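Note sheet for the following structure.
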Amino acid sequence: MSAPAARHRWSEYVERCVESVAGASPFRVNGHLTRAAGLVMEAAGLQLPVGHGCTVYLPNGHIVSAEVVGFSGDCIFLMPTEDAYGLAPGVKVYPTEQPPPCPGCARRCLPTGEP
């Protein structure tokens, strides 16, 4: 087979691959609420660092924003950043998207003038 013919076959193959995944839904990792005591919520199924944001989806359709404030074993502890009425065991907890780190920075970039 000639080089142009092989290139054409590969091009067609790649186009078919792109078409087949174009309609796919992205995979979203989630956890679930296992406990709520006072203001602290406990969720399983997610491994997130302290300070990471989460969204808790309530059965009534409302959402509650929360932040990871601790962890123990396979559970993370969340603190709501707004009123958290309607919590129930098993509701879905999704991590919020975090902004990418600054290129070349190992830590968060600080505003100019701060050490």
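Scanning segment 13-43 for residues that are without any contact (Cβ under 8 Å) to a residue 60 or more places away in the chain and either closer than 21 Å to E82 by Cβ or buried (at least 16 other Cβ atoms within 10 Å of the Cβ) (or both) yields T34, R35, A36, A37, G38, L39, V40, M41, E42, A43.
Anything in segment 71-94 that is more than 14 Å from T34 (Cβ to Cβ) and modelled with pLDDT of 95 or more? List them, or say none. If the condition is that a residue be more than 14 Å from T34 (Cβ to Cβ) and modelled with pLDDT of 95 or more, then M79, P80, Y94 are the ones that fit. State all residues of segment 80-93 that are surrounded by 14 or more Cβ atoms within 10 Å (Cβ to Cβ) and either without any contact (Cβ under 8 Å) to a residue 60 or more places away in the chain or not in a strand (DSSP E or B) (or both); if no residue qualifies, say none. Within segment 80-93, P80, A84, L87, V91 meet the criteria. Of the residues making up segment 8-27, those that are of a type outside the set (D, E) and closer than 30 Å to Y94 by Cβ are C17, V18, S20, V21, A22, G23, A24, S25, P26, F27.
The values are calculated or read from the model by the stated rules, or taken from the named source; none is laboratory data. What you see is a predicted model, and the numbers here were worked out from it, not measured in a lab. In this analysis, Cβ positions are derived from the backbone assuming ideal geometry, glycine residues included, and neighbour counts consider all displayed protein chains.
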